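These notes are about the structure you will find just below.
The values are calculated or read from the model by the stated rules, or taken from the named source; none is laboratory data. Predicted model, so just to flag it, every value in this text is computed and none were measured. A quick note on method: Cβ atoms are made from the backbone with ideal geometry, for glycine too, and the neighbour counts reach across all protein chains shown. To get the accessible areas, we keep the full protein, side chains included, count just its heavy atoms, and leave off ligands, DNA and RNA. Shrake-Rupley method; radii C 1.70, N 1.55, O 1.52, S 1.80 Å.
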Amino acid sequence: MSNAVPSRLGLVNATGTGYNDLFLKIYSGEVLASFQRENVMLGMTNVRTIANSKSATFPVVGTTTSGYHTAGNEILGDSIKHNEKIVHVDDMLLASSFVSEIDELKNYFDIRKIYANEMGQSLARTIDNNLLQLVMIGSAETTPNVTGGNLGDKIVDADCKTNATSMIASIFEGLQKLDENDVPSTDRYIVVSPDVYYQLANNDKLLSRDFSSMNGDFGKGTVVSIGGVPVIKSNSTVTAFTDHSSDSTTGRNNTYNVDGQYTGAVLFHKSAVGTVKLKDLIVETTYDARRLGSLITCRMALGSSVLRPEACISVVSQ
């Protein structure tokens with residue numbers, strides 16, 4: 001009796017020994033799609049890609065003043081203050097899974113989608129949590145980048161998590177603070193938890209045509225903006241808006257620890273947080289002959305830090 005000849009689903013043109021070649025391409029695409037779908041914060045920060053380095057420096061330039069010239073006086077120029085912010089690359093952020101060859105032959109297309117979603121979401125959640133925590137850190141910063149510079153703010157609103165009307169008033173106060181800090185009106189964002197988001201989506205002032213034009217839909221549970229700034233719903237806030245002040249995580253080369261348990265919303269400009277990316281998202285598979293299966297890894301090398309505390313606002317209940 002002859003042995004059966006299996007159709008190797010991951011083999012290109014049924015030749016060679018690259019039994020995972022096709023799987024990797026499909027798998028990589030699904031990991032990337034899941035990461036992009038779940039990741040909210042990275043595109044809303046100042047991202048710089050670097051090579052062969054462990055950190056990057058972001059210049060900080062202060063403001064200058066103007067005045068009237070007195071006839072005959074020599075013009076000497078005004079001093080503009082400078083500083084810098086150094087953002088380090090954290091250790092490799094990694095998610096992995098191991099797929100047995102026999103399972104791969106039986107039902108790989110079923111488990112692939114599940115594994116891809118889990119790995120992509122895992123990386124996205126970690127990055128979003130770090131960036132949300134940095135906005136909270138920036139809002140509590142007490143030392144400006146340059147002497148005499150502006151700072152962000154923590155707006156205390158006792159019932160911001162349970163009263164949509166009160167939250168809206170606090171968000172407007174935060175937007176006013178950004179205006180007063182000369183933060184650009186474009187590329188601003190408001191991020192809230194799903195709980196707060198749906199409270200806002202049930203508020204007449206945001207949805208009623210008497211107060212706002214085409215700003216949301218009660219039936220669809222959506223709200224577009226407050227004060228012209230987009231409102232972003234992020235499930236990562238469920239984790240980020242908790243107490244991380246005592247976290248001890250190996251591999252971090254930047255500070256992300258903050259007590260966010262009282263935070264109801266964060267407001268920030270794209271320049272508030274800087275991210276240095278040493279390696280973008282990459283997916284690799286390695287066949288292990290000793291274990292008859294494939295180890296699949298997806299990883300990134302990046303790090304983030306606060307750049308402009310004056311562009312960070314948080315609304316807290318206490």
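Any chance you could count how many residues in region 177-209 are closer than 20 Å to residue 272 by Cβ, in contact with a Ser or Thr (Cβ under 7 Å, 6 or more places away or on another chain) and either surrounded by fewer than 20 Cβ atoms within 10 Å (Cβ to Cβ) or polar (S, T, N, Q) (or both)?
So the answer is 1.
For region 179-187, indicate whether the set of residues that are within 17 Å of residue 316 (Cβ to Cβ), touching a strand residue (DSSP E or B) at 6+ places or on another chain (Cβ under 9 Å) and either touching a residue at least 40 places away in the same chain (Cβ under 8 Å) or not in a loop (DSSP other than H, G, I, E, B) (or both) is non-empty.
Checking region 179-187: not a single residue is within 17 Å of residue 316 (Cβ to Cβ), touching a strand residue (DSSP E or B) at 6+ places or on another chain (Cβ under 9 Å) and either touching a residue at least 40 places away in the same chain (Cβ under 8 Å) or not in a loop (DSSP other than H, G, I, E, B) (or both).
Go through (1) exposed (fewer than 15 other Cβ atoms within 10 Å of the Cβ); (2) touching a Ser or Thr at 6+ places or on another chain (Cβ under 7 Å); (3) more than 23 Å from residue 157 (Cβ to Cβ); (4) of a type outside the set (Phe, Trp, Tyr) one by one and return the number of the condition residue 291 breaks.
Of everything listed in (1) exposed (fewer than 15 other Cβ atoms within 10 Å of the Cβ); (2) touching a Ser or Thr at 6+ places or on another chain (Cβ under 7 Å); (3) more than 23 Å from residue 157 (Cβ to Cβ); (4) of a type outside the set (Phe, Trp, Tyr), residue 291 misses just condition (2).
For (1) open to solvent by less than 40 Å² (accessible area, probe 1.4 Å); (2) in contact with a Phe, Trp or Tyr (Cβ under 8 Å, 6 or more places away or on another chain); (3) in a helix (DSSP H, G or I); (4) modelled with pLDDT of 85 or more, each residue gets a yes or a no:
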position: 74; (1), (2), (3), (4): no, no, no, no
position: 96; (1), (2), (3), (4): no, no, no, yes
position: 102; (1), (2), (3), (4): no, no, yes, no
position: 107; (1), (2), (3), (4): no, no, yes, no
position: 122; (1), (2), (3), (4): no, no, yes, yes
position: 133; (1), (2), (3), (4): yes, yes, yes, yes
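From the list 86, 171, 137, exactly one residue is open to solvent by less than 20 Å² (accessible area, probe 1.4 Å) and either of a type in the set (A, V, I, L, M, F, W, C) or in contact with a Pro (Cβ under 8 Å, 6 or more places away or on another chain) (or both). Which is it?
171
Right, residue 140: within 20 Å of the chain's Cα centre (by Cα) and either closer than 30 Å to residue 251 by Cα or touching a residue at least 12 places away in the same chain (Cβ under 8 Å) (or both) or not?
Spelling it out, residue 140 is indeed within 20 Å of the chain's Cα centre (by Cα) and either closer than 30 Å to residue 251 by Cα or touching a residue at least 12 places away in the same chain (Cβ under 8 Å) (or both).
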